[in-house]
Structures are given as C-alpha cells and as structure tokens.
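A.B. asks: Have a look at this one before I ask anything.
Rule-based calculations on the coordinates, nothing more; no lab input. Since the structure is predicted, the reported quantities are computational estimates derived from the model, not experimental observations. Cβ placement follows ideal geometry from the backbone for every residue including glycine, while neighbour counts extend to all protein chains displayed.
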Amino acid sequence: MMFKRFFLITIISVFLFHNKSFCQDIDKFNLNYIASDYTDTIDKKSVIVILAVTPINKKDFPPVLSMKFTYKINSESIETVVDILNQKEHKLTLVIYGNEVNEKCPKVYELIKDKIDLNSKRRVMLLEFKLDNISEEPIEHLTIKYGLWEKRNIDKRKEKIFEFNIKD
C-alpha cells in the first residue's frame, strides 16, 4: 500500500513538473515603457518611443533583438505590423543605447533622465523606436507591441503591449 502511494505521488509530481502547462514561466528580463515624444512638433505625425530592458539574471542578458514591431494609432482598430529590417517604406528605425545614453544622445537622455536610474550598476538596454510620418492625422495615443527573444532560448519570445499618450 505504501509503495503504491509513493509510486502515485511520484507519477503525479513528474507530470506536474515536466508539463509546461503547469510550470510557471520565469521571466529572464524586464521590458518597460519609459517615455515618448514628438519628433515633428508641428503636424505631430512622427514620434519616438523609449523602452528599457533590464536583466533579472545577468547570465540571461542581453536578450536577442526582434525585428517585429506592431502599432495602432489613436483609436484605430487595425494593427500595423512592421518588419524593421524589411520595410518597403522606411518609417521605423530602431536605435539601441546603454547606460551611456547621456553621452551618445543627449536628446533621449533629457527625455528619460527623471524616469529611469542610469547611474546604478544595473545594466540597461534602451530601445529608441523612431516612427516617422506613420499617420495622416496627429498622433495623440499609441499602442505598441514589441518583444525580445531570450538569450539562452531563442525559441522563447517575451512580448508586451504598451498603451500611452504621447509625451506622458
């Protein structure tokens, strides 16, 4: 009887801990919205968006960049999906900075300096997305979807959706 109970517990444990649907997915990095602003202050049809990637565990950092970027403008219901490397019209640019953003791009630094601590010893990867002339009307609200691949498991992509008003 004791052996049967032990055997049953073992089988259940193996099933629970090896079945992905029961295992908790552990994040390898944080992906957060930091800031946005207009690059075209007259027509307001071009913007920049800054996301920050920070490590949870140093061995899993940095993650692998993804070239898929999705956005919706204002109250549109249709998403626009862009392959950053294979764009027909070059309306989206990705620039990457580290903790030294104050030296590399003072304009981006001014936009984010009060929103993220760049002086800590923690590594930061800042992703600046420049969206140029992506709308016929002024952009007030933007929804973006972006993700990164895990460094040590390139089959796993962590994707997040961010909704914000420009210049929040």
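A.B. asks: Give me the one-decimal nm value for the distance between modelled label points at H90 and N133, 7 Å along each residue's Cα-to-Cβ direction.
C.D. replies: Computed distance between label sites H90 and N133 equals 1.3 nm.
A.B. asks: In the structure shown, do any of K58/K91; K45/K107; K45/K160; K104/K145; K68/K107 have a Cα-Cα gap over 28 Å, and if so which? Let's see the in-between values first.
C.D. replies: On the way: K58/K91 33 Å; K45/K107 19 Å; K45/K160 24 Å; K104/K145 26 Å; K68/K107 25 Å.
Among K58/K91; K45/K107; K45/K160; K104/K145; K68/K107, the Cα-Cα distance tops 28 Å for K58/K91.
A.B. asks: Note down the net charge around Y97, summing +1 for each Lys or Arg and -1 for each Asp or Glu among other residues with Cβ under 9 Å from its Cβ.
C.D. replies: With Lys, Arg at +1 and Asp, Glu at -1, the neighbours total -1.
A.B. asks: So if R0 is 35 Å, what FRET efficiency would H141 and V64 give, r being the distance between their Cβ atoms, rounded to the nearest 0.05?
C.D. replies: It comes out at approximately 0.75.
A.B. asks: So, one more: Note the full-extension length gain between I56 and T80 as 0.36 nm times their separation in residues minus their Cα-Cα distance, in nm to one decimal. Provide the component values of the computation, followed by the final result.
C.D. replies: Working: separation 24, 0.36 × 24 = 8.64 nm, distance 3.06 nm.
Fully extending the segment from I56 to T80 adds 5.6 nm.
A.B. asks: Subtracting the Cα-Cα distance from 0.36 nm times the residue separation, let me have the gained length for R123 to C105 in nm, one decimal. Walk me through the numbers before you get to the answer.
C.D. replies: On the way: separation 18, 0.36 × 18 = 6.48 nm, distance 1.73 nm.
Full extension from R123 to C105 adds 4.7 nm.
A.B. asks: Could you calculate the FRET efficiency of E150 with D114 from 1/(1 + (r/R0)^6), where r is the beta carbon distance between them and R0 is 30 Å, rounded to 0.05?
C.D. replies: 0.50
A.B. asks: Report Rg(Cα)/(2.2 N^0.38 Å) for the range 54-158, keeping two decimals. Mind dumping the intermediate values first?
C.D. replies: Values: Rg = 15.5 Å, N = 105, 2.2 N^0.38 = 12.9 Å.
Normalised Cα radius of gyration, the range 54-158: 1.20.
A.B. asks: Let me ask something else. Quick one: net charge around P106, please, counting Lys, Arg +1 and Asp, Glu -1 for every other residue with C-beta under 15 Å from its C-beta.
C.D. replies: -3
A.B. asks: So what is the relative contact order for the range 27-168, in percent, with contacts set as C-alpha pairs under 8 Å and at least six apart?
C.D. replies: Reported as a whole number, the value is 33 percent.
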